[in-house]
1. Regarding region 39-53, can at least one residue be identified that is free of Cβ contacts under 8 Å to residues at least 40 places away in the same chain, part of a loop (DSSP other than H, G, I, E, B), farther than 16 Å from Arg12 by Cα and in the same structural domain as Leu107 (by TED's automatic domain parsing)?
2. Within region 134-154, does at least one residue satisfy the condition of being assigned to a strand (DSSP E or B), modelled with pLDDT under 90 and over 20 Å from Ser246 (Cα atoms)?
3. Only one of Pro508, Pro520, Pro516 is of a type outside the set (Lys, Arg), touching a Ser or Thr at 6+ places or on another chain (Cβ under 6 Å) and at pLDDT below 90. Can you tell me which?
4. Could you tell me which of the residues Ile402, Ile432 is surrounded by 15 or more Cβ atoms within 10 Å (Cβ to Cβ), assigned to a helix (DSSP H, G or I) and touching a residue at least 12 places away in the same chain (Cβ under 8 Å)?
5. If you take just the helices (runs of 4 or more DSSP H) that sit entirely in region 170-247, which of them hold at least 3 residues that are more than 34 Å from the chain's Cα centre (by Cα)?
6. Please give the number of the condition Ser83 fails out of (1) touching a Lys or Arg at 6+ places or on another chain (Cβ under 8 Å); (2) surrounded by 18 or more Cβ atoms within 10 Å (Cβ to Cβ); (3) touching a residue at least 40 places away in the same chain (Cβ under 8 Å).
7. Looking at Gly94, Gly53, Gly108 in this structure, which one is on the phi > 0 side of the Ramachandran plot, modelled with pLDDT of 90 or more and surrounded by fewer than 17 Cβ atoms within 10 Å (Cβ to Cβ)?
8. Within the set of pairs 6+ apart or on separate chains, which have a first residue in region 594-612 that is more than 28 Å from Ala287 (Cβ to Cβ), a second that is aliphatic (A, V, I, L, M) and in a helix (DSSP H, G or I), and C-beta atoms under 6 Å apart?
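The values are calculated or read from the model by the stated rules, or taken from the named source; none is laboratory data. Predicted model only: the values in this text are computed from it and were never measured. Positions of Cβ are generated from backbone atoms using ideal geometry, with glycine treated the same way; all protein chains shown enter the neighbour counts.
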Amino acid sequence: MTEANGKGLEQRVLVLAPTSKDAELTRSVLDRAGVACFGCRDLNEICDQLEAGAAAILLPEDAIIQDCNHRLADCLGCQPTWSDLPVLILARPGADSAAVAQAMDLLGNVVVLERPIRVAALVSAVRTALRARQRQYQIRNHLAERDRDMQALALLAAIVASSDDAIFSKTLEGRILTWNAGAERLFGYSAAEAIGQPITLLIPAERHDEEPALLARLRQGERIEHFETVRVAKDGRRIDVSLTVSPVRNANGEIIGASKVARDITQRKEAEAALREADRRKNEFLAILAHELRNPLAPIRNSLHILRMSAGSDPSADCVTDIMERQVNHMVRLVDDLLEISRITRGKIELRKEPVELAAIVRGAVETSRPLIDSACHQLAMAIPPEPLTLEADAVRLTQVIANLLNNAAKYTDAGGQIWLTVRREGERVAISVRDNGTGIPADMLPYVFDLFMQANRSSDRAQGGLGIGLALVKSLVEMHGGSVRAHSDGPGKGSEFVVRLPLAASPRPAGRAEPEPRPSTVLPARRVLVVDDNRDAAESLGMLLRLLGADVHVVYNGPDALEALTAYRPAVVLLDIGMPNMDGHEVARQIRQRPEFQDVTLIALTGWGQEEDRRLSQSAGFNYHLIKPADAGALQMLLMSPEDREEGQRTAT
């Protein structure tokens, strides 16, 4: 026997006919009616096939009489709760038999059809049984789906209950509806204490205005994620939390409330505060370090100027002086870089953008790096297009970028190496390439070359490796200009290339031609200058330098002596250190400015403190100028001139 019409096992009718002829006839009738059927030889086969699936059973009354052990009844008695398999019995004509009556009691869903039966009546009865079975299948599927939903809900409830996050819900009026164990642990309220209470139970008084704003957004269907705020626990503790708030909808899609997930971020906030404090301490340390490094550099630079001015024509002395000056300048650059990267990371640098001609910037950078390149006997090849390339940029910072890249190439290329500086236009951008045939960069280091304090080569033969700040400065300054920088190297010993890409000015305006810096006269007018510094070497060396330049100089070493000398000496200019013990330079300046007879005295702060805040403090204390140690002799000379002398010096220089 085979299954008819290829129907699924659950859709078939199991047929037990009295004779093979009856079986064939019944099958033919049902096939024509589109009903799948399976012919069985006896009740045992029917019971075996029931385990595979069936929609109904059609069997004669005689088969019921022969089922002395009630096997069919036992099979049907094992049906699941949703199942009530239809059984159609073809009964003998005449009075009801005891077997049929017993079958109706034992088999459950029984339909009795009296023989002989019309074909239409048989088909109709079978189809009715199949429709009833289909409804049972629908109930089965619905129950299975409900079970899956219940399991999912149970799993979700278990997740909510066991979550470390506080998960709770509220009405659109702001009353708490549900409260998990995580909420109880975080806020200290039990579910009985929290449910039914207004959500403002958890909100500090000064943040009550947050709740109406959140509810308004929820009513619009908006989901609020990672809303960082502060909540209050039962014991009064203030807790930093990150909230995720989602609208809750009913079956009609209407918003009826909100679910909230509150995550304790107190430790993260404390860690962030600790990082900020560490960053503040780092910046403070860098400022102190720069101050302490600049203090000894000041007398060294002063002494170099004195040596250069007083030395004869001895070439050896000139050579030694040049060497010392280069090293002092290198130290000054390192100190400046420390403070520059500190200011950039804190967003304290503002670019002074203006139309600038790139060729002039490149030439200025080359001039800055030339001593380092020449000292290593490198060959520098430049390729700059003849067309004007105008950028909207800070000329000083852009010069610093290119000079840092040239310095990096010079440091990491063996003596007598080759450096290529190439400028090329790329559409609306310009590319500046600095390439060398030096030590190269390992592939695993390329992603980190722009990190702060990172150096690809720390071997002992790289004595001028620096602090690993220059490239970090390059990246920060280039990105502040809206550009990008990338590094490329084929590996150790194969050189490296750094390419900066910057946007060209949208509508190039004529770039202003930089006026040459006026060169001050080598001799100062005979003005009285009071030098005040607790560092005796710095004070004495500066006094000697100024005397060589022609100034009338008096030197003291503390604030009280400066105020006393002010009356006796009557200086026109006071060069005043800031960081002095007992009475610092700010206090000395304030006391000077409080005396009307000294209002016209020029006060110049000469200090190792060089951050923007230090300059503001100097200005508020009454200083006219703020110079950072070690001061450049030319800049100092210009400030020490009277306004008339300064104008005359500028006319002479031009």
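1. Yes: one or more hits.
2. At the first step, the residues of region 134-154 found to be assigned to a strand (DSSP E or B) are none.
No, because not a single residue in region 134-154 is assigned to a strand (DSSP E or B), modelled with pLDDT under 90 and over 20 Å from Ser246 (Cα atoms).
3. Values: Pro520 fails: touching a Ser or Thr at 6+ places or on another chain (Cβ under 6 Å); Pro516 fails: touching a Ser or Thr at 6+ places or on another chain (Cβ under 6 Å).
Checking each option against the conditions leaves just Pro508.
4. Ile402
5. Details: elements: 181-187, 191-194, 210-219.
The qualifying helices (runs of 4 or more DSSP H) are 191-194.
6. In the conditions (1) touching a Lys or Arg at 6+ places or on another chain (Cβ under 8 Å); (2) surrounded by 18 or more Cβ atoms within 10 Å (Cβ to Cβ); (3) touching a residue at least 40 places away in the same chain (Cβ under 8 Å), Ser83 misses (2) alone.
7. On the way: Gly94 fails: modelled with pLDDT of 90 or more; Gly108 fails: modelled with pLDDT of 90 or more.
Result: Gly53 is the single residue among Gly94, Gly53, Gly108 that is on the phi > 0 side of the Ramachandran plot, modelled with pLDDT of 90 or more and surrounded by fewer than 17 Cβ atoms within 10 Å (Cβ to Cβ).
8. Hits for this filter: Phe598/Ile592.
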